[in-house]
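As structure tokens, the structure follows; a few thoughts come after it.
The values are calculated or read from the model by the stated rules, or taken from the named source; none is laboratory data. Every value quoted in this text rests on a predicted model; they were computed, and no experiment measured them. So basically every Cβ, Gly included, is an ideal-geometry build from the backbone, and we count neighbours across all protein chains shown.
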Amino acid sequence: MVTKLALLGAGRIGKVHARAIAEDKRARLVAVVDAVTEAAQAIADSAGCRVSSIEDIEADRDIDAVIICTPTNTHADLIERFAKAGKAIFCEKPIDLDVDRARACLETVRKSGAKVMLGFNRRFDPHFRAVRQAIDEGRIGKVEMVTITSRDPGPPPAEYIKVSGGIFRDMTIHDFDMARFLLGQEIVSVIAAGAVLVDPKIGELGDYDSASLILTTASGRQCLISNSRRASYGYDQRIEVHGSLGSVSAENQRPVSIEVANKGGYTRPPLHDFFMTRYTAAYAAEISAFIDSLENGTAPSPSAEDGLIALQLADAALRSAKQGAIVKI
């Protein structure tokens, strides 16, 4: 049986998911909706599906699930709406920028029994998953410290900063989920320091563009996170896990992995320019995992609860940065 999907949102991440769906023979994109009709039509023409409306998708019993790629402030409402309509849901992070609203949304999901998966795509990156596999196989012993470096090539426009929820809810939230994924334990305290080093306008809008964090579990395991809205050398995505018997790491990826050596030294090609190309395989793998859960009747992961925990950690980090103190979870 082919799983029939509808895409809500035809922006850049919507295009990424449309391509991922097209690559999976078990699924078919049958409808797409966006406030910008031209954007929806472009995906519809490429996928061979129809441009639709929220109402039509909600009422269409042949549609098994929706992929939500709309602006953040619509996520909770759409999750609730389609949960009540009996659809399975894949939603980009976050559920909402407000923890209480996210909790209320999850309560609706629980009552409906709907399946909801959150788009923490980095769990599905083949390099990061290989790190997790090395941990699971005991190759580095017990995890003690995790280091995550996550730096964007450049800051987003001011218009985006205004609605993003800030660096911790928008950017670091991926790293909070990855920290939990690699630490294997829940985080009980956060200490964060934020600064404005890239663009003064970001500071004027009440946000940070640079941040350093230490997360700690009840057993004392630690995760260090380094964030910046500027990396002049490309999209910087690295992790290292240190354990009692050794360490395992995943280096930056490049579109072409070669190294040239001559009398001038050693040179390698530039890094990926941003997430759309760096995490192509991860986006395809997460959509595949979502379809797996629908076919097998298993709970999707990352779950809506994972999204709530990451949002709670983001709020704790913001409080810590503002107060200059450790915040207990």
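When the test is whether a residue is out of contact with any Gly (no Cβ under 6 Å at 6 or more places or on another chain), part of a helix (DSSP H, G or I) and modelled with pLDDT of 95 or more, GLY86 does not pass it. The residue that is farthest from the chain's Cα centre (by Cα), among those in the range 92-101 that are among the hydrophobic types (A, V, I, L, M, F, W, C) and surrounded by fewer than 22 Cβ atoms within 10 Å (Cβ to Cβ), is VAL99. When the range 278-329 is examined, which residues are found to be under 19 Å from HIS17 (Cα atoms), among the polar types (S, T, N, Q) and not in a helix (DSSP H, G or I)? Answer for the range 278-329, where residues must be under 19 Å from HIS17 (Cα atoms), among the polar types (S, T, N, Q) and not in a helix (DSSP H, G or I): SER301, SER303.
Could you tell me whether PHE274 is touching a residue at least 24 places away in the same chain (Cβ under 8 Å), of a type in the set (Phe, Trp, Tyr) and not assigned by TED's automatic domain parsing to the domain that holds ASP152?
Spelling it out, it is not the case that PHE274 is touching a residue at least 24 places away in the same chain (Cβ under 8 Å), of a type in the set (Phe, Trp, Tyr) and not assigned by TED's automatic domain parsing to the domain that holds ASP152.
For the range 225-244, a tally of residues being under 16 Å from the mean Cα position of the chain (by Cα) and either surrounded by fewer than 16 Cβ atoms within 10 Å (Cβ to Cβ) or assigned to a strand (DSSP E or B) (or both) returns 6.
Evaluate the following for VAL196: is it of a type in the set (Val, Ile, Thr) and surrounded by 22 or more Cβ atoms within 10 Å (Cβ to Cβ)?
No: the conditions fail for VAL196.
Checked against (1) out of contact with any Leu (no Cβ under 8 Å at 6 or more places or on another chain); (2) farther than 20 Å from ALA88 by Cα, PRO71 passes all but a single condition, namely (2). Looking only at the range 171-222, residues that are under 16 Å from ARG122 (Cβ atoms), touching a strand residue (DSSP E or B) at 6+ places or on another chain (Cβ under 7 Å) and among the acidic types (Asp, Glu) come to 1 in all. Listed by first and then second residue, the pairs with beta-carbon distance under 8 Å, at least 6 apart or on different chains, first residue in the range 205-230 and more than 22 Å from ILE326 (Cβ to Cβ), second hydroxyl-bearing (Ser, Thr, Tyr) and in a strand (DSSP E or B), are ASP209/SER228; SER228/SER210; ARG229/SER210. Here ALA83 meets the list (1) surrounded by 20 or more Cβ atoms within 10 Å (Cβ to Cβ); (2) closer than 20 Å to ILE13 by Cβ almost entirely, failing just condition (2). Restricting the search to the range 138-152, which residues are surrounded by 18 or more Cβ atoms within 10 Å (Cβ to Cβ), in contact with a Leu (Cβ under 8 Å, 6 or more places away or on another chain) and assigned to a loop (DSSP other than H, G, I, E, B)? Passing the criteria: only ILE140. Among the residues of the range 20-37, is there at least one that is out of contact with any helix residue (DSSP H, G or I) (no Cβ under 7 Å at 6 or more places or on another chain), in a helix (DSSP H, G or I) and hydroxyl-bearing (Ser, Thr, Tyr)? Checking the range 20-37: at least one residue is out of contact with any helix residue (DSSP H, G or I) (no Cβ under 7 Å at 6 or more places or on another chain), in a helix (DSSP H, G or I) and hydroxyl-bearing (Ser, Thr, Tyr).
Could you tell me whether the range 263-274 includes any residue that is outside any helix (DSSP H, G or I) and crowded, with 19+ Cβ neighbours inside 10 Å? Outline the logic, then answer.
At the first step, the residues of the range 263-274 found to be outside any helix (DSSP H, G or I) are 263-274.
Subsequent filtering for residues that are crowded, with 19+ Cβ neighbours inside 10 Å retains 271-272.
Yes, that holds for at least one residue.
Quick one: how many residues across the range 38-52 are among the polar types (S, T, N, Q) and part of a helix (DSSP H, G or I)? Show your work before the answer.
Step one: list which residues in the range 38-52 are among the polar types (S, T, N, Q), which gives 41, 46, 52.
Those still in the list that are part of a helix (DSSP H, G or I) too: 41, 46.
Of the residues in that region, 2 qualify.
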